[in-house]
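> Take a look at the following structure, please.
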Amino acid sequence: MSTEVSETPRESIASTASTNVAVQMIGVHKWYGQFHVLKDINLSVHRGERIVICGPSGSGKSTLIRCINRLEEHQQGQIIVEGNELTNDVKKIDEIRREVGMVFQHFNLFPHLTVLENLTLAPLWVRKVPKAEAEATAMKYLERVKIPEQALKFPGQLSGGQQQRVAIARSLCMNPRIMLFDEPTSALDPEMINEVLDVMVSLAEEGMTMMCVTHEMGFARTVADRVIFMDGGEIIEQNEPEPFFSNPQHERTKEFLGQILHH
Amino acid sequence: MSDIQAEVGAYDPGTHPDLPPPPATAGILGWIKHNLVPSFEHAGITAAIAIAITAVLVFAADMAPLVGLTVAVFGLAIVNAIIKAIAPDRAIMGQTLLTLFAMIVFYFLLAGVIGFTIIDAVWDAKDKVGCATSPDGACWGFIGARFEQFMYGFFPEPERWRVDLWSIILTVGIAAIIFTDGPRRQPTALVLFGATVVLYVWQLGLGNPDVRAVLWMAAPAALGVLLLLPSEQMRKAIGLLMLLAYPLASFWLLSGSFGFIVPFILPVAGLIIASLGGDRARSVGTLMMGLFFLIIALSLVGAIFGLLGNWGVPLVDSIADGFDAVLGIYWGDWGLDGLSFTYVETDKWGGLMLTLVVAITGIAASLPLGVLLALGRRSNMPVVKTMCVMFIEFWRGVPLITVLFMASVMFPLFLPEGVTFNQLLRALIGVALFSAAYMAEVVRGGLQALPKGQFEAADALGLNYFKSMRLIVLPQALKIVIPGIVNTFIGLFKDTTLVAIIGLIDFLAQVDTGMRDSSWLAPNVPYTGYLFVAAVFWIFCYGMSRYSRGVERRLETGHKR
Amino acid sequence: MANGIPTGATPARAVWWRDPRWRSLIYQAIALAAVVAVGWYLVDNTLSNMERRGITSGFDFLSNTAGFDIIQALVPYSATSTYGSVFLVGLINTLLIAAVGVVFATMLGFIIGVARLSSNWLISTLATIYIETFRNIPLLLQILFWYHAVLKPLPGPRESINFLDVIFVNNRGLYLPLPGFNQAFLPVFVVLVAGIVGTIMLRRWSRKRQAATGQLFPVVRWGLFAILGLPALVFVLMSFISGPPMEFGIAKLTGFNFEGGMVVIPEFVALLVALSVYTAAFIAEAVRSGIQAVSHGQTEAAYALGVRPAPTMKLIIIPQAMRVIIPQLTNQYLNLTKNSSLAVFIAYPDLVAVFMGTSLNQTGQAVEIVAMTMAIYLTISLVTSAVMNWYNARISLVER
């Protein structure tokens, strides 16, 4: 990994495009109106790397990962995903979104479609896969998340944990190279958190590139390659899980960890 | 580790200051980019092409510039659509063309409205000749000349102060309920007491030291007293007075007869006393209402005896006469007819005043009826429920026009020989029944929206049905549906125009008749007249809908937090 | 019972007047009796009043000659027709204005409703102005405005506004060419039918192909070509081969009035414009609320999967929005139908105007006529709400 990223970003793109960098953010700033939400974010994620982002609410962590598939637009800096820079170019955005899967806090399943239809929608209309193939893939992923028997039900008939597993399977059906998780367990009842985390752990074990906004510190400890702490729109500290938890450097990190680990 | 730590910016972690957003994404430019044209480059290109085409059209085809621009925009829109079909990513003109189109429409709209109402308008025309001097503008002279008639109909001129007082009480009453938490209540009360004195002197100066002068004084004085109460109590007091005493006062002021309302003072006063005061006041009030119901019951018995007497049952006739003799005193005017004003027949009522009378009576009568129907529809007594459902669905299923027709031609048939009531009362009954059905559905919505726990909690407290409804359920349900009630009222208010079908001259009909007068037959008079009516209705309805949306928003936040 | 073990005995009974079941029975009996008494009283009065006025009740009057003309009748009607025919003509005219009004109001309402949500501030402001203006002004005022202020002051037949000598507008109505077909139209018609059938088959085929290979086919584009383009081509071709396949009966000024062609009376136009414009404002609000009811997360989820905005709209937003929109839309259609009775104010010959108005005046059969007219509207309302209830039940079954 090049060390002069912030000094000469242009060159570094050329050098990293072919290497094993999945996501590269360089000097990214974002404002909501006058409010400065992301401040000079510099971050690169390797292929196969598992990253957990944590921080108090309003620290910009969700905004950060939502910028990666351009659900939010950044106003300054560069974001390069799998060698494609995110600009206003609609084609580029589409390409990137096809490669990046996303799981939302509130699942966002399509309530008027069955589970199976939820899973096949994007393969049919975006990848233009034959229906039989799309359904086969869908069933394969439903089996992976252990709910093949729910295929013909509607999302409203499933429990929260099942819905979130369907949402993960829906993203996997597009064969993404990167998965983004936006607080996937925080809308779930406690007894359902583990079934979702299990799926995420098995995904991680298969080598999927993952960026995960979560407060599940157990998950971070066992799975993450790197933990990032954000506050006030900045990356305050990042480290491997072991040193991050045992020896936080920054005052605010200590304070934050103190608050959440005591619960 | 070094790998990770290398990725740092210009500031130490946690010290990055809040910076202002880049100029192109904030401020006016940002606003334009966000709300009008997503890309300045595309907008520039499109505007340049559109202007070039316009220039060609103006110079070569001799078109007016705005027409040329319109043609250019539509032409380019077609081109853009074709490009979009072939190469979606190259169709960059869409948003800019939309903006240009909207600008053209806005221009025509503003130019049209300002041109008609101000620039080209005639302000001081005395008749159609004056109006015809500028046929492209409004003829405000028409409104000016007929204004009083549009407001009061044919209400006799010397008596119009009654309508004024009536509408002032209405306005102030509603304003006081809406703006209960208004600032500076005591000073306002003092000003009102001052106004009382001024009004009294003024009335004395006019040579009116009678009921009229007292009334002019009494209105602000009463409001002043109410303002000295704490705000919740004041709201309740004004609400009760407007709901119960105001209808009686309206009848007195508008028709002029005091004698008619005398028997009803007892129950109304009883209800107000019972609702406002403490325990003792409550028993006094209840006693007053009880007395009234006893009198009604006795009167009914008398009437039944009268009927039986007519059928030849012996003896009962004389009993009925006895009842009549005793109760006749109660139902009489108690010698208070001296308080009456000149009687004004309802066929002299008209204009905006009549519109308000119909709308307000409609809402005042439909609210209690609607609540009863809604409770009936949700009751678990099948007979009551079925009757309520049938009643509601019937009135909701037919147009108001047919209801008014029915009121006009069938109500006279319903009544025994010799009993008639006038056209206005027929319309009022029709309107009240019609809107009661709609009101019932609104209230039902509120009852359904209440969590079941509220009903259960009321039961658990040992309240009986009526108490739990009155104390727990209805106050909450009615509060939730205030927006719905206001919306129903807006609909009713607009629908009052239909009473013209049975010969009542409401506001719209009054203006409509006025513009057909041969001395005002100019081409711009109908436009002016309709615009005037539309503006008045619009102000009322839009104002109410803003209020209802305001309440809705307050309720939403109230529910969330 | 002393040892606390429940035995088979029924619980002790309350005194009957304190038993809620008895109470409810008594209340209901009282309510029923009151309603019956009032009803009986009213009916009794009505019968004796009718007797005194010499009105014979019954529906015999329907076969009497009406003796008045109606300016718009879609079924044969003349002054010698019966009151029964008047009823029919009025009913058809009501249904006609309602049907055409529904079509126009829906189109206008959807355009305004979508414009209301436009990201373009000017467009959404224009839509807001439209909605707030037209729904806060009484419908009757709008009808009178279009009729008395716009259409009636138009020039007379001799000074008609003339569009290319084909369409004429004056204060007697809108004169349109009446299309007439001859034999040369047959091929055009055949191609048109073939186009429609072909498009349906094309749609099926493309669905099958998408299922099999995943390939999408632009059905809409080719379907439009097959249904509109091809027949137009054949039309032009036939014009060269055997002369024009259609002849238009164009209105001609003869004497003081126009003859021939198709006439749309100004009463219809005024009522149609006012009803459509007024109802469109409410439909626009329904459309807006429907689309806004679909949470933003749905769009985001579709975008995150790489689905483009157009298919997102078609596959995700519209199907969900329609569930909110359709009940409100139906309600507005019912309102429009009921509001069409305002026709009586400008003498458009709808059911209320010719039957409840003129016929009632002439025959005095108030009870029968009021009952028949109300029954028609009531039937329309109840049938529609029954269908709506069925629809809602089905939707909630599907989605859960």
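> How big is the Kirkwood radius of region C:201-340, worked out from every pair of different alpha carbons and given in Å to one decimal?
Values: mean 1/r = 0.0487 Å⁻¹.
Over region C:201-340, the inverse of the mean reciprocal pair distance is 20.5 Å.
> If you don't mind, another one. Only Cα pairs within less than 10 Å get springs; with that Gaussian network setup on chain C, which residue of C:F217, C:F61, C:F104 has the largest fluctuation?
For chain C, modelled as a Gaussian network with Cα springs under 10 Å, the answer is C:F217.
> Which three lengths, in whole Å and largest first, does region B:467-561 cover when its Cα atoms are put on their principal axes?
The Cα atoms of region B:467-561 stretch 61, 28, 12 Å along the principal axes, largest first.
> Hey, another quick one. Taking the Cα centre of region B:80-165 as the origin and placing charges on Cβ (Lys, Arg +1; Asp, Glu -1), which of B:V129, B:I119, B:G153 is farthest toward the positive end of the dipole?
Positive-most Cα among the choices belongs to B:I119.
> What do you get when you divide the Cα radius of gyration of region C:67-140 by 2.2 N^0.38 Å, with N the number of residues? Before the final figure, lay out the partial values.
Details: Rg = 19.4 Å, N = 74, 2.2 N^0.38 = 11.3 Å.
Compared with the compact-globule rule of thumb, region C:67-140 sits at 1.72.
> Using only the alpha carbon atoms of the protein assembly as shown, find the Kirkwood hydrodynamic radius as the inverse mean reciprocal pair distance, in angstroms to one decimal.
On the way: mean 1/r = 0.0270 Å⁻¹.
When all Cα pairs of the protein assembly as shown are included, the Kirkwood radius is 37.0 Å.
> For a test of the definition: using alpha carbon positions, the gyration tensor, and the 1.5 limit on a/c, classify region B:58-204 as rounded, prolate or oblate.
Details: a/c = 4.47, a/b = 1.97, b/c = 2.27.
Oblate shape, in that a/c is at least 1.5 and b/c is the bigger or equal ratio.
> Debye calculation, C-alpha points only, no solvent: report log10 I(q)/I(0) for region C:356-398 at q = 0.14, 0.31 Å⁻¹, in the same order as the q values.
Here the Debye-derived log intensity ratios amount to -0.48, -0.94.
> How big, in percent, is the set of alpha carbon pairs in region B:43-143 lying more than 16 Å apart? All intermediate terms of the calculation are to be shown ahead of the outcome.
Values: 3322 of 5050 pairs.
In whole percent, the share of Cα-Cα pairs in region B:43-143 beyond 16 Å is 66.
> Same structure again: At a Förster distance of 25 Å, what's the computed FRET efficiency of A:D198 paired with A:A132, Cβ-Cβ distance as r, to 0.05?
Numbers: r = 30 Å, r/R0 = 1.18.
Step by step, r from the Cβ atoms, then E = 0.25.
> Still on this structure, please answer the following. If you plug each phi of region C:239-244 into the Karplus form 6.51 cos²θ - 1.76 cosθ + 1.60 with θ = phi - 60°, what whole-Hz ³J(HN,Hα) values come out, in order, with x for Gly and Pro?
4, 6, 6, 10, x, x
> Among C:Q183, C:Q328, C:Q28, which one moves the most in a GNM of chain C with springs linking Cα atoms closer than 10 Å?
With Cα springs under 10 Å in chain C, the top fluctuation among C:Q183, C:Q328, C:Q28 is at C:Q28.
> Can you work out the Karplus-derived ³J(HN,Hα) for every residue in region A:39-53? Use 6.51 cos²θ - 1.76 cosθ + 1.60 with θ = phi - 60°, whole Hz, and x for glycine or proline.
Along region A:39-53, the couplings run 10, 6, 7, 10, 7, 10, 10, 7, 4, x, 7, 10, 10, 10, 10 Hz.
> Here's another thing I want to ask about it. Using the charge dipole of chain B (Lys, Arg: +1 at Cβ; Asp, Glu: -1 at Cβ; taken about the Cα centre), state which of B:L327, B:W166, B:V357 has its Cα farthest towards the positive end.
So the residue we want is B:L327.
> Specify the residue with the greatest mean-square fluctuation among C:N171, C:N361, C:N182, computed from a Gaussian network of chain C linking alpha-carbon atoms under 10 Å apart.
C:N182
> For region A:16-104, calculate the relative contact order in percent as a whole number, restricting contacts to Cα pairs under 8 Å that are 6 or more residues apart.
On the way: 125 pairs, mean separation 27.8, N = 89.
So the answer I get is 31 percent.
> Now, a different point. Using modelled backbone amide H atoms (1.01 Å from N, in-plane), which distant-in-sequence or interchain residues come within less than 5 Å of A:Q76's amide H?
A:H29
> Sequence-distant or interchain residues sharing an amide H contact under 5 Å with A:M102, placed H: which?
Residues meeting the criterion, in which the H sits 1.01 Å from N, are A:L180.
> So for the protein assembly as shown, taking the charge dipole from beta-carbon charges (+1 Lys/Arg, -1 Asp/Glu), which of B:A48, C:I97, B:A509 sits furthest toward the positive end?
Checked the options; the winner is C:I97.
> Something else: What spacing in nm lies between the two simple spin-label points modelled at C:E51 and C:A79, each 7 Å away from Cα in the Cβ direction?
The answer from the label model is 3.9 nm.
> Turning to a different aspect of this structure: Do any trypsin sites (Lys or Arg not before Pro) in region A:183-263 lie in a loop, going by DSSP, with at most 10 other beta-carbon atoms within 10 Å of their beta carbon, and if so which?
Details: sites: A:R221, A:R226, A:R252, A:K254; in loops: none.
Here no loop site has a sparse enough neighbourhood.
> Any chance you could look up the accessible area of C:V383 with a 1.4 Å probe, heavy atoms only, rounded to 10 Å²?
Here the residue's solvent-accessible area equals roughly 80 Å².
> For a quick check: with amide H placed at 1.01 Å from N, whose amide H comes under 5 Å from A:D231's, ignoring anything fewer than 5 positions away on the same chain?
A:I236
> So, one more: For chain A, what are the per-bin percents of Cα-Cα distances with bins 10 Å wide, up to the bin holding the maximum?
Pair shares across the bins are 7, 29, 35, 22, 6, 0.
> Ignoring everything but the protein chains, give the 1.4 Å probe accessible area of A:K153 in square angstrom, nearest 10.
The value for A:K153 is about 80 Å².
> Sticking with this one: Based on the alpha-carbon gyration tensor of region C:135-232 and its eigenvalue square roots a ≥ b ≥ c, which shape applies: rounded if a/c is under 1.5, prolate if not and a/b is larger than b/c, or oblate?
Working: a/c = 4.72, a/b = 1.91, b/c = 2.47.
It comes out oblate by the Cα gyration axes.
> Right, another one. Considering just Cα atoms, how many Å³ per residue does the convex hull of region C:305-396 enclose?
Values: hull volume 9.4 nm³, N = 92.
Spread over its residues, the Cα hull of region C:305-396 gives 102 Å³ apiece.
> Would you list, by chain and number, the lysines whose Cα falls below 28 Å from the Cα of B:K126, excluding same-chain residues fewer than 8 positions away?
Hits, sequence-local ones excluded: B:K348, C:K152.
> For region C:231-327, with only Lys/Arg (+1) and Asp/Glu (-1) charged at the beta-carbon, what is the dipole magnitude about the Cα centre, in debye rounded to 20? Intermediate results must be reported in sequence, preceding the final value.
On the way: 5 positive and 5 negative charges, 75 e Å.
Once rounded to the nearest 20, the dipole reads 360 debye.
> Can you give the Rg/Rh ratio of region A:55-109, where Rg is from the C-alpha atoms and Rh is the Kirkwood radius?
Details: Rg = 12.0 Å, Rh = 12.2 Å.
Looking at region A:55-109, the ratio lands at 0.98.
> What nm value, rounded to one decimal, do you get for the distance between B:D347 and A:H215 when each label is placed 7 Å out toward the C-beta?
About 7.7 nm separates the two model spin labels.
> Which Cys residues of chain B have no other Cys Cβ less than 4.7 Å away and so no disulfide-compatible partner by this rule?
Unpaired cysteines in chain B: B:C388, B:C541.
> Next question, about the same structure. Which three numbers, in whole Å and largest first, are the semi-axes of the equivalent ellipsoid of chain C derived from its Cα gyration tensor as √(5λ)?
48, 41, 22
> Could you tell me which of rounded, prolate or oblate describes chain B, using a ≥ b ≥ c as the square roots of the eigenvalues of the alpha-carbon gyration tensor, with rounded for a/c under 1.5 and, failing that, prolate when a/b is larger than b/c and oblate otherwise? Could you put the intermediate results ahead of the total?
On the way: a/c = 2.07, a/b = 1.55, b/c = 1.33.
Note, shape of chain B comes out prolate.
> Could you give the size of the charge dipole of chain A about its Cα centre, using +1 on the Cβ of each K and R and -1 on the Cβ of each D and E, expressed in debye and rounded to the nearest 20? Show your work: numbers first, answer last.
Numbers: 26 positive and 35 negative charges, 149 e Å.
Around 720 debye, computed over chain A.
> What ³J(HN,Hα) values, in whole Hz, does the Karplus curve 6.51 cos²θ - 1.76 cosθ + 1.60 give for region B:452-466 when θ = phi - 60°, with x put for Gly and Pro?
4, x, 5, 5, 5, 4, 4, 4, 5, 6, x, 6, 7, 3, 5
The values are calculated or read from the model by the stated rules, or taken from the named source; none is laboratory data. Fair warning: this is a prediction, and the values are worked out from it, not measured in the lab. In this analysis, Cβ positions are derived from the backbone assuming ideal geometry, glycine residues included, and neighbour counts consider all displayed protein chains. These area figures cover heavy atoms from the full protein model, side chains too; ligands, DNA and RNA do not enter into them. Shrake-Rupley method; radii C 1.70, N 1.55, O 1.52, S 1.80 Å.
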